[in-house]
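Here the structure is laid out as structure tokens; the discussion comes afterwards.
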Amino acid sequence: MQSQQTVGGADGPVGADAATPAVPATATQPTAGPAEAAIRLVAVTKAFPQATSPAVDRLSLEVGRGELTALVGPSGCGKSTTLKMINRLIEPTSGTIEVGGVEVRDQPRHELRRQIGYVIQQIGLFPHRTVADNIATVPRLLGWRKATIRARTAELAGQVGLDRDLLDRYPSALSGGQQQRVGVARALAADPPVLLMDEPYSAVDPIVRAHLQDDLARLQQELHKTIVLVTHDVDEAIKLGDRIALLNVGGHLEQFGTPAEVLRAPANEFVERFLGRERGLKRMALITVAEVPLGGGPMVQADAAPAEAEAAMAAEGVDWVGVLAGDELLGWADGADLAGAARVGDAPRTPFRAFVRPGTTIREALDNIVNSRTRVAVVLDDDDRYLGMLTVDHLAEALE
Amino acid sequence: MTPAVPGVLLAENGPDSFIWWAWVGDHLDEIWERTVQHVQLTVIALVVGFAVSTVLALIALRFRRTYTPITGFAGVLYAIPSLALFAFLVPITGLSLLTAEIGLVSYTLLILVRNMVAGIDGVPAAVREAADGMGYTPWRRFVAVDARLATPTIVAGVRIAAVTTVGLVTVTALIGQGGYGALINDGLSRSFNTPIVVGAALSILLAMAVDLLLVGAERLLTPWARAGRR
Ligand SMILES: Nc1ncnc2c1ncn2[C@@H]1O[C@H](COP(=O)(O)OP(=O)(O)O)[C@@H](O)[C@H]1O
Ligand SMILES: [Mg+2]
């Protein structure tokens, strides 16, 4: 299959997003493809002097407003070059780039950049300024009032999860993770509609990285910025991206779509290889239990006769039965223990130890299934009412 | 000259002693005058040298190809023996303050230009990239970021230049510009120890005082450096 040079995504923004209630305007967009483009690249080429082939070759891409688009690809494929052409740290050789409907080259560089947050892997905090002054960089450039800046700095510290006590320190006194939080706060300071992030979490250890990623996801739920995130880590792209653009060497766009789309149907061998093994597991991390039709399971009421339980077990082909009182789940009873009981409720019961909720990913549900004696995941709603059961078969169906 | 024996300094203090305190007491006004001259010559040389070096460093930074010729030229100036330089200048500019300062300024250029350029080059690329990405204009970034971060390296250069200049100013007495060198010359011409010792000792003390002052200035200018070393 040839690489798609423009937008993909025939089904619009569904899939991973459907479970999260706070999805921005994109969820209501009737048209296919991304929401209204906030950033548009048309046939953008960058040929560095003395290079034998262009670093980015006629790349076209539309980044939807309020979406996080992840640019992912192997090292040297032109991700950073693409990102830097958006804020004109690098000037394209040819092609056009629009941000918010305005061509970037029609604005003075510094004015363009003050409307675009920029976060880089090496962070690049100003070592001679306190954390607060670092965060205040763009507001100062824009000439905000002192009091406004102070209030904004405190607000941002809270948003990015930074202890206020750190505001008066110099960056050298902060850990890597804290520094990157400052980097994000600084980029967001003047509330720019667009945020560019170049491998922001590559330099921190995996535990801190996971935290920072979760924080970014949470922040994005509140702020709905248009974010372009460059990463070489496909898992990060899947975890954070509303859409992911897979780039090959020379900035060739191999596939562009939601993580669910890309995982379900990789456009070609490059994409398949880049997504790596465990593609099924990665997809399962994007689907929630709520999206899967549940099985009823071998369930009977506690006051039912043992015969009813026998029938339920036979129907499901198992040797245990779940015991309900109304929609409250009491536990499960072994088929062998039912013989002497007058009612199912009289037989010895074992409580279910683990449950999943509608918002749980089916990947986690699978973990529950393989770890349970009964080989099912019990689904309860948020008020602990019984909703149904999942088996491996249900999950396999959901992936088809 | 009689070699000095510190043990007898105060015992029989007189004109032949290593230092004759009575002479010092009688000449406090002259010593003060020489001190003022010495400080003036030093400060003028440093201020002018810093200004000239700033211009040269800016040119070298803006047009990288000029760095080698500029530092090469400053290096040649630095290598000329001071007496030879003054001997060369006197026929042109006379026994004047100008002659003295041309010489003194020449000797500051190499160290100042080199440290200015090294200081700016030492600014981390990521900091520059972030500053550009935030929307600094080039000149504003240079002043607010690059130059600030180069301060420790530049001050290090100024300290060396200052100490060197304080010592060199003693030579400018030869062309009649006063300073501690005048005391030393006076003593040499009369084979009289005391002014030589006073002039040399005060010159050393002044160099140390100036150095301390600059260390203090650096601490004030770079509060982040101390915080970072915790
Ligand atoms: N300033 C530059 N001058 C010359 N070549 C460059 C420059 N920046 C990047 N390149 C080259 O362009 C290609 C893409 O680089 P880059 O965009 O940084 O890749 P990525 O961020 O995907 O790792 C690489 O081959 C790189 O060597
Ligand atoms: Mg890169």
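Numbers for the structure displayed
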{"quantity": "Chain B: relative contact order as a whole-number percent, Cα under 8 Å and 6+ apart", "calculated": "25"}
{"quantity": "Ranked by how many other beta carbons lie within 10 Å on average, peptides A:65-76, A:184-195, A:335-346 from highest", "calculated": "A:184-195, A:65-76, A:335-346"}
{"quantity": "Reach of A:K282 by Cα under 16 Å, taken over lysines that are not fewer than 8 positions away in the same chain", "calculated": "A:K239"}
{"quantity": "Angle in degrees between helix B:147-169 and the longest Cα principal axis of chain B, rounded to the nearest 10", "calculated": "20"}
{"quantity": "Accessible area of the stretch A:41-152 divided out per residue, in Å², using a probe of 1.4 angstrom", "calculated": "42"}
{"quantity": "Cα-based equivalent ellipsoid of the stretch A:179-220: semi-axis lengths in Å, sorted from largest, via gyration tensor", "calculated": "19, 11, 9"}
{"quantity": "Average beta-carbon neighbours from other chains, 10 Å sphere, peptide A:164-177", "calculated": "2"}
{"quantity": "Cα-based convex hull volume of the protein assembly as shown per residue, rounded to whole Å³", "calculated": "246"}
{"quantity": "In degrees, nearest ten, helix B:28-62 long axis to first principal axis of chain B (Cα)", "calculated": "20"}
{"quantity": "Percentage relative contact order, chain A, counting C-alpha pairs under 8 Å, at least six apart", "calculated": "17"}
{"quantity": "Cα-based radius of gyration of the stretch A:290-399 once divided by 2.2 N^0.38 Å, which approximates compact folds", "calculated": "1.03"}
{"quantity": "Leading residue at positive end of dipole, the protein assembly as shown (Cβ point charges), from A:G322, B:W224, B:A60", "calculated": "B:A60"}
{"quantity": "Peptide A:82-91 - average C-beta neighbours from other chains (10 Å radius)", "calculated": "1"}
{"quantity": "Largest-first ellipsoid semi-axes for the stretch A:191-308, taking √(5λ) over the Cα gyration tensor eigenvalues, angstrom", "calculated": "37, 20, 14"}
{"quantity": "Normalised per residue, the volume of the convex hull around the Cα set of the stretch A:2-286 (Å³)", "calculated": "136"}
{"quantity": "Fraction of alpha-carbon pairs over 20 Å apart in the stretch B:67-147 - percent", "calculated": "53"}
{"quantity": "Percent antiparallel among DSSP beta bridges (both partners in chain A, rounded to 5)", "calculated": "55"}
{"quantity": "Translational diffusion of the stretch A:129-203, µm² s⁻¹ [Kirkwood Rh, Cα pairs; Stokes-Einstein; 10 °C; 1.306 mPa s]", "calculated": "128"}
{"quantity": "Residue-averaged beta-carbon neighbours from other chains (10 angstrom radius) around B:134-143", "calculated": "5"}
{"quantity": "Percent accessible area from carbon and sulfur atoms, the stretch A:2-286, protein chains only, probe 1.4 Å", "calculated": "49"}
{"quantity": "Peptide ranges A:229-241, B:24-36 listed from the most packed, as the mean C-beta count within 10 angstrom indicates", "calculated": "A:229-241, B:24-36"}
{"quantity": "When the convex hull of its Cα atoms is projected in every direction, mean area for the stretch B:17-64 (nm²)", "calculated": "4.9"}
{"quantity": "Whole-number percent relative contact order across the stretch A:290-399, with pairs defined as alpha carbons under 8 Å at least 6 apart", "calculated": "26"}
{"quantity": "Average accessible area per residue (Å²) across the stretch B:1-131 - probe 1.4 Å, nucleic acids and ligands excluded", "calculated": "56"}
{"quantity": "Debye, to nearest 20: dipole size of the stretch A:155-281, +1 on Lys, Arg Cβ, -1 on Asp, Glu Cβ", "calculated": "60"}
{"quantity": "Of A:L338, B:G133, B:F73, farthest towards positive along the dipole that unit charges on Lys, Arg, Asp, Glu beta carbons give the protein assembly as shown", "calculated": "B:F73"}
{"quantity": "Lys, Arg +1 and Asp, Glu -1 on Cβ, resulting dipole of the stretch A:2-286 about Cα centre, debye, nearest 20", "calculated": "720"}
{"quantity": "Compactness of the stretch B:109-219, expressed as Rg and Dmax over alpha-carbon positions, Å", "calculated": "20.3, 68"}
{"quantity": "Computed helical MRE - 222 nm, chain B, DSSP H runs ≥ 4 contributing -39500 (n - 2.57), nearest 500", "calculated": "-25000 deg cm²/dmol"}
{"quantity": "Crossing angle, helix A:146-159 versus chain A [Cα axis fit, 0-90 degrees, rounded to tens]", "calculated": "30"}
{"quantity": "Rg/Rg_ref, chain B, where Rg_ref = 2.2 N^0.38 Å and atoms are Cα", "calculated": "1.25"}
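The values are calculated or read from the model by the stated rules, or taken from the named source; none is laboratory data. All figures in this text were calculated on a predicted structure; none of them were measured in a lab. Positions of Cβ are generated from backbone atoms using ideal geometry, with glycine treated the same way; all protein chains shown enter the neighbour counts. Protein only, heavy atoms only, side chains kept; ligands, DNA and RNA dropped before computing areas. Shrake-Rupley method; radii C 1.70, N 1.55, O 1.52, S 1.80 Å.
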